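FYI, it's all coordinate maths here, none of it is from the lab. Given the structure is predicted, the values throughout are model-derived calculations rather than measurements. Here the Cβ positions follow ideal geometry from the backbone for every residue, glycine too, while neighbour counts run over all protein chains shown.
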């Protein structure tokens, strides 16, 4: 008998989007059940229905063979269903113990004060029971990401969760933290808990799960026993076609330095140093990957180099000898720098504007798109038709708003615009974030092909597997500093990089210098 079942779940949003179309999910007691699918496949909507964040248009949920109505998250919690969201929901200024008991506190002084010692002792007992180490008295904003995630899990367990939904739980973890999480998940199952595990990392699915349900186009297309399938088969089920997950990356000698950065620092308005003394080169025909847990200066580095924010202090940054530091985005682009931003909706596209216009938004003022002070609409349309075909952007017309595209095709618009600008340097920040496996395959090959053709690429990604797959050299950032630079050789492991990402190791300056 299944512990929890979703039967024929249909969810139609007010705007007419069909997010779930007769979805079925059956999770057994004491298993780790993975839920995978491309973005927009409907998996997030399904788990929101299970947790009471969404109300299904039709269909039922069975818990221990009884129909239940989950109208809100509190109803889910009361039924023993907990959820750890990808974006943590913690109060940064509170201690770990305060976060865990929040809303269910034991009080003193007639209800006027929190019994802090009871909160700490309860946290310690729960932490020991499930093997989830935390520091109860520490403030949340002072502890590593991996510990914050353990806090979220303990918070759900404190409220009596028997079924735990983990939504993209390894998205911001180092390899060491991922390994610790997997050990903790196995401990939970050994204690009788049941886990629904959502991830896009198929290697993790194969390592941690017992069974896998695959979703595509708002439906589930099958449930398989993990030991009886493969990454390639899961990818085929997700996309509906064969997916080649290996990038053709021929060896190539790098050329002259294109980007030269020396002693670049950024201090924010509160006086906090977010980027400290960054120095490195990016060469022709190479991909320099930047590894690090998100929030360690990568965003500030990208935005300083692309003109989106001003560096503070001395320092220089030049492209082919031409300074780009302290100039706005247009001047940086005119130095032949292209930029794939980490948030395409904020800095990458204008969703209400046509695909064709998005493809020339950085060059509309130049010929052939402007003649005698007027836009040449024929040239804009012709450019759009060419790039839509060249970059395989799935759309019936370039005159449609870019917001009508899927995430993967929207990212292809950004990629098409940037790579068609004749760049010398491409700064690619999270280039495959929020896109499906098919689009990831395409984007990876495009980046490697351009590198082989001579382009210098600075790749910033929170996905360490992506960094190791594409990069020729890897630079690690921790707490705003560069703490190591390594050639991407077969003996460089995720575990080794993870130690630098956590700040546990730091490369000697003389050794780092030889790899810059």
Item to check | Value of Rg/Rh across the range 257-515 [Cα atoms, Kirkwood radius] | outcome: 0.98
Item to check | Within the range 1-31, backbone nitrogen closer than 17 Å to the virtual label 7 Å beyond the Cα of residue 58 toward Cβ | outcome: 6-14, 16-25
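When DSSP beta bridges are limited to those with both residues in the chain, what percentage is antiparallel, rounded to the nearest 5?
Within the chain, antiparallel bridges account for around 55 percent of the total.
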Next on the checklist: Quick check: the angle from helix 175-190's long axis to the longest principal axis of the chain, C-alpha only, nearest 10 degrees?
Outcome noted: 20
Checklist entry - Dimensions of the range 44-100 along principal axes (Cα, Å, largest first)? => result 41, 21, 14
Item to check | Ordering of 392-401, 286-295 by packing [mean C-beta count within 10 Å, highest first] | outcome: 286-295, 392-401
Item to check | Ratio of the Cα radius of gyration of the range 311-434 to 2.2 N^0.38 Å, where N counts its residues | outcome: 1.11
Next on the checklist: In whole Å, what are the extents of the range 2-239 along the principal axes defined by its C-alpha atoms, from largest to smallest?
Outcome noted: 55, 37, 32
Item to check | Principal axes of the range 229-312: Cα extent on each, largest first, Å | outcome: 52, 35, 19
Checklist entry - In nm, to one decimal, how far is the modelled label at residue 351 from the one at residue 242, with both set 7 Å along Cα→Cβ? => result 3.7
Checklist entry - Ranked from highest to lowest mean number of other Cβ atoms within 10 Å per residue, what is the order of the peptides 492-504, 210-222? => result 210-222, 492-504
Item to check | Point-to-point label distance, residue 28-residue 183, nm (Cα→Cβ direction, 7 Å offset) | outcome: 2.8
Item to check | 222 nm mean residue ellipticity, helices alone, for the chain (DSSP H n ≥ 4; -39,500 (n - 2.57); rounded to 500) | outcome: -9000 deg cm²/dmol
Item to check | Rg [Å, one decimal], Dmax [Å, integer] - the range 406-516, C-alpha atoms | outcome: 15.1, 47
Next on the checklist: For the range 152-184 and the range 478-513, what is the centre-to-centre distance using only Cα atoms, to the nearest Å?
Outcome noted: 26
Next on the checklist: If you average 1/r across every pair of different Cα atoms in the range 455-516 and take the reciprocal, what Kirkwood value do you get, in Å?
Outcome noted: 12.0
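In cubic angstrom, how much convex hull volume per residue do the alpha carbon atoms of the chain span?
Numbers: hull volume 90.8 nm³, N = 516.
In the chain, the Cα convex hull volume per residue is 176 Å³.
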Next on the checklist: To check you understand DSSP bridge types, tell me what percent of the beta bridges within the range 257-515 (both residues inside) are antiparallel, rounded to 5.
Outcome noted: 55
Checklist entry - Which FRET efficiency value, to the nearest 0.05, is calculated for residue 217 and residue 397 with the Förster distance at 30 angstrom and r the Cβ-Cβ distance? => result 0.85
Next on the checklist: What FRET efficiency comes out for residue 492 versus residue 379 if R0 is 41 angstrom and r is the Cβ-Cβ distance? Round to the nearest 0.05.
Outcome noted: 0.30
